[in-house]
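One structure below.
The values are calculated or read from the model by the stated rules, or taken from the named source; none is laboratory data. None of these values were measured; they are calculated from a predicted model. When we count neighbours, we look across all protein chains shown, and the Cβ atoms used for this are built from the backbone with ideal geometry, even at glycine. For accessibility, only protein heavy atoms count, side chains too; no ligands or nucleic acids. Shrake-Rupley method; radii C 1.70, N 1.55, O 1.52, S 1.80 Å.
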Amino acid sequence: MQRLGQHFLKNRSALKLIAESIPSGEEGVIIEIGPGHGELTEFLKTIKKKIFAIEKDHSLYKALAEKFKDDHGDRQITFIAGDARDALPTVVQDVAGRGLSYHIVGNIPYYITGRLMRIIGELAPRPKTCIFTIQKEVAERICAVPPHMNRLAASVQFWSEPSILKILKAADFVPPPKVDSAILLLKTSALKEGAGNYYAAVRALFAQPRKTISNNIAAGTGKDAKTIAEELSRLSIDPSARPQDLTPEKIRAIAGSLFKNIPN
């Protein structure tokens with residue numbers, strides 16, 4: 001059964017890998033996005049952490065509450081009916097209010113990936129780790145490095161260190177999708193200053209990826225070519241390079257220098 005564009009992971013070794021990749025030995029919480037039929041939830045509950053599971057499909061939510069009623073009764077698992085894009089910030093506020101750290105896991109439909117990454121990047125406090133099953137192509141884009149940097153990678157790598165744990169085939173899911181997937185691990189970093197400037201720089205730099213860094217900055221800031229050239233030279237960045245050649249560190253330098261007072 002497929003609902004809301006979701007394909008349910010059935011590969012037990014992959015499910016076990018996800019659960020075992022969550023750091024143990026600390027008091028904390030797991031937030032699961034889209035538990036579906038509870039395939040991953042079964043493995044997560046063995047970690048003995050508190051679990052908040054957010055499910056958008058109401059019929060699946062009801063089935064989950066019944067399937068895990070014993071766990072739900074002792075409050076190890078709390079099921080939340082709703083869209084993770086709306087519910088996640090509220091759940092995080094609840095967790096943070098208890099002084100607990102947390103981790104986010106889930107099998108993420110393609111259509112919410114970009115928006116979900118933006119939401120997580122703005123959470124305070126951030127999760128310790130995120131482990132997502134997403135389209136292989138999207139996972140590879142997030143993990144990209146120069147000369148293949150892109151807007152999504154630049155945005156996510158501002159707040160995390162991404163890596164691919166495992167490639168999954170279509171046969172690992174029910175129903176099988178038309179593309180391969182990947183298990184993506186995001187090890188988050190501490191909150192950094194200048195997030196607004198950084199994201200403004202990312203939007204401007206990758207607005208026209210085939211144009212030079214200098215031209216994109218000029219279009220995004222209104223600054224003249226001489227000023228831009230002087231600042232980039234001071235930062236040891238080639239004005240004629242393309243956005244895909246930039247590391248997140250260089251984008252941060254550009255943001256701090258040329259995007260200080262640019263509206264976000």
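Miscellaneous remarks
- The set of residues from region 205-228 being more than 12 Å from S257 (Cα to Cα) and aliphatic (A, V, I, L, M) comprises L205, A207, I213, A218, A219, A225.
To keep it simple, each residue is scored yes or no on (1) within 16 Å of the chain's Cα centre (by Cα); (2) aliphatic (A, V, I, L, M); (3) over 23 Å from F173 (Cβ atoms).
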{"residue": "K56", "(1), (2), (3)": "no, no, no"}
{"residue": "K67", "(1), (2), (3)": "no, no, no"}
{"residue": "D71", "(1), (2), (3)": "no, no, yes"}
{"residue": "Q76", "(1), (2), (3)": "no, no, yes"}
{"residue": "D94", "(1), (2), (3)": "no, no, yes"}
{"residue": "I134", "(1), (2), (3)": "yes, yes, no"}
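- Residue count for region 201-224, restricted to those that are open to solvent by less than 60 Å² (accessible area, probe 1.4 Å) and in a helix (DSSP H, G or I): 11
- Residue in region 106-113 that is open to solvent by less than 60 Å² (accessible area, probe 1.4 Å), touching a residue at least 12 places away in the same chain (Cβ under 8 Å) and of a type in the set (F, W, Y) present: no
- Restricting I164, I237, I183 to those that are at pLDDT 95 or above, open to solvent by 40 Å² or more (accessible area, probe 1.4 Å) and outside any helix (DSSP H, G or I) reduces the list to I164.
- Note on region 240-263: among residues that are basic (K, R) and not in a helix (DSSP H, G or I), the one that is farthest from A201 (Cα to Cα) is R242.
- Criterion (basic (K, R), modelled with pLDDT of 95 or more and touching a Phe, Trp or Tyr at 6+ places or on another chain (Cβ under 9 Å)) met by exactly one of R151, R126, R141: R151
- Within region 34-51, considering residues that are open to solvent by 10 Å² or more (accessible area, probe 1.4 Å) and hydrophobic (A, V, I, L, M, F, W, C), the one nearest to R98 (Cα to Cα): I47
- Among residues of region 127-153 that are under 16 Å from H103 (Cβ atoms) and open to solvent by 30 Å² or more (accessible area, probe 1.4 Å), none has a beta-carbon under 6 Å from a residue that is among the hydrophobic types (A, V, I, L, M, F, W, C) and assigned to a helix (DSSP H, G or I) at least six positions away or on a different chain.
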